[in-house]
Every structure is written in structure tokens, then in C-alpha cells.
Amino acid sequence: MYNFIKQFHSGWAYLALLLLAFAVINAIIGFTSKKEFTAKDRKISLFALIGTHTQLLIGLILYFVSSKGLAVLGQMSNPELRLTSLEHPLINIIAIVLITIGWSKHKKLINSEAKFKTFAVFYGLGLILILSRIPWNLWF
Ligand code: HEM
């Protein structure tokens, strides 16, 4: 069970980050070149939303079955355990909340420029937060 969830979380992370990075780049290009926000742009943003939400769900399960998750929450003097038991989960949940806010906000906007700007800001911040707390030494 643990190994499967860990591998899944580890592998899906590539997909989630690629989809998110692609959506951020697409939003920045759309905003700066004043393009019209089309169904394709909506789909790119939706895939990034689904990709990161799926990663969040796998992460939540992993948190309870891993020996580096809830089990070691409280061992704050060990930076590696603090990362996987507190910083990585907490910051990633905040990042995914921001991504979800971005998605909800864009639906209420009519103007293409405002939609692209919302995705660039909220998805962009989400991406930066996620990248800031990846346990790189475990991943590679
Ligand atoms: C988009 C969000 C996330 C990304 C991109 C991500 C990515 C990763 C990566 C790349 C690793 C290292 C995997 C490895 O050992 O090969 C990892 C480990 C871990 N993640 Fe996440 N994660 C995310 C969200 C979460 C969330 C929300 C939680 C918990 C609520 C979580 C819990 C964990 C735990 C406990 C580990 C350590 C697993 C172990 O080695 O036993 N992750 N994550």
C-alpha cells in the first residue's frame, strides 16, 4: 500500500507540475500578447486544476501511510522530517487553494485580459509555492 501510493505521488508529480507550468506560461503569453481567451485556454487551465487536485488527494493518503508524514509531525528539529510532515503538505495545500481560487475567479470574469491575468497570478503563485517545498532529495 505505502509503496504504491508513494510511487503514484512521485510519478503524478511530474504530470501535475508540467500541466501547471504549461497553464502558467499559457496565461502569461495570453496576457502579454492580449489574446482572446478561448475554450482551449479554459481546457489548459482545467487540466492543471485537475492535475494538482489529484496530486493533493494522493498526498493526503500518503500523509497517513508514510513514515515521513503524520507519524513524525512534531519532530521539528529534523529539517528533512519537518519538510515532509509539515512544510510540504501545508504549503502545497495553500498553493492548491490559491489555484482553486484562480479557477473560480476566472469564471466570473468576462474580459480575456482579466482571465489570463487571474490565471497568471494565482496559478503562478501556486507553482512557486509548490516548487519551494518539494523534497528534491527524495524525488531524484
Ligand atoms: C501539487 C502538490 C504536490 C506535489 C507536486 C508533491 C510532490 C511530491 C514529491 C515529488 C515527493 C517526493 C516523492 C518521492 O519520494 O519520490 C513528495 C513526497 C511527499 N509528499 Fe507530496 N506533493 C504534493 C502535495 C502533497 C500533499 C498535499 C501532501 C499531504 C497532505 C503530500 C505529502 C507528501 C509526503 C508525506 C511525502 C513523503 C513521502 C515519503 O517519502 O514517504 N504531498 N511529494
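The values are calculated or read from the model by the stated rules, or taken from the named source; none is laboratory data. Nothing here was measured: the structure is a model prediction, and the numbers come from that model. When we count neighbours, we look across all protein chains shown, and the Cβ atoms used for this are built from the backbone with ideal geometry, even at glycine.
Structure above, values below:
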read-out: Given (1) within 13 Å of the ligand (Cβ to nearest atom); (2) in contact with a Leu (Cβ under 8 Å, 6 or more places away or on another chain), index of the condition Ile134 fails; value: (2)
read-out: Tabulated pairs, the range 1-17, first under 16 Å from Ala95 (Cα atoms), second polar (S, T, N, Q) and more than 8 Å from the ligand (Cβ to nearest atom), C-beta under 8 angstrom, 6+ apart or interchain; value: Ala16/Thr54
read-out: Which numbered condition Leu15 misses (of (1) at pLDDT 95 or above; (2) more than 13 Å from the chain's Cα centre (by Cα)); value: (2)
read-out: Selection within the range 1-35 - within 9 Å of the ligand (Cβ to nearest atom) and either of a type outside the set (D, E, K, R) or in contact with a Pro (Cβ under 7 Å, 6 or more places away or on another chain) (or both); value: Tyr2, Ile5, Gln7, His9, Ser10, Gly11, Trp12, Ala13, Tyr14, Ala16, Leu17, Leu20
read-out: Qualifying positions in the range 69-120 - in contact (Cβ under 8 Å) with a residue 60 or more places away in the chain and within 13 Å of the ligand (Cβ to nearest atom); value: Ile99
read-out: Any chance Ile50 is over 20 Å from His9 (Cα atoms), modelled with pLDDT of 95 or more and β-branched (Val, Ile, Thr); value: no
read-out: Residues satisfying the stated conditions in the range 109-140, i.e. within 22 Å of Gly11 (Cβ to Cβ) and either surrounded by fewer than 20 Cβ atoms within 10 Å (Cβ to Cβ) or modelled with pLDDT under 95 (or both); value: Leu129, Leu131, Ser132, Arg133, Ile134, Pro135, Trp136, Asn137, Leu138, Trp139, Phe140
read-out: In the range 50-80, the residues that are surrounded by 14 or more Cβ atoms within 10 Å (Cβ to Cβ) and among the aromatic types (Phe, Trp, Tyr); value: Tyr63
read-out: In the range 98-108, residue surrounded by the most Cβ atoms within 10 Å (Cβ to Cβ) [restricted to those that are closer than 16 Å to Ile44 by Cβ and hydrophobic (A, V, I, L, M, F, W, C)]; value: Ile99
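This table checks each residue for (1) in contact with a strand residue (DSSP E or B) (Cβ under 6 Å, 6 or more places away or on another chain); (2) closer than 17 Å to Leu125 by Cα; (3) within 16 Å of the ligand (Cβ to nearest atom); (4) not hydroxyl-bearing (Ser, Thr, Tyr).
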site: Lys43; (1), (2), (3), (4): no, no, no, yes
site: Leu49; (1), (2), (3), (4): no, yes, yes, yes
site: Thr52; (1), (2), (3), (4): no, yes, yes, no
site: Leu57; (1), (2), (3), (4): no, no, yes, yes
site: Ile61; (1), (2), (3), (4): no, no, yes, yes
site: Phe64; (1), (2), (3), (4): no, no, yes, yes
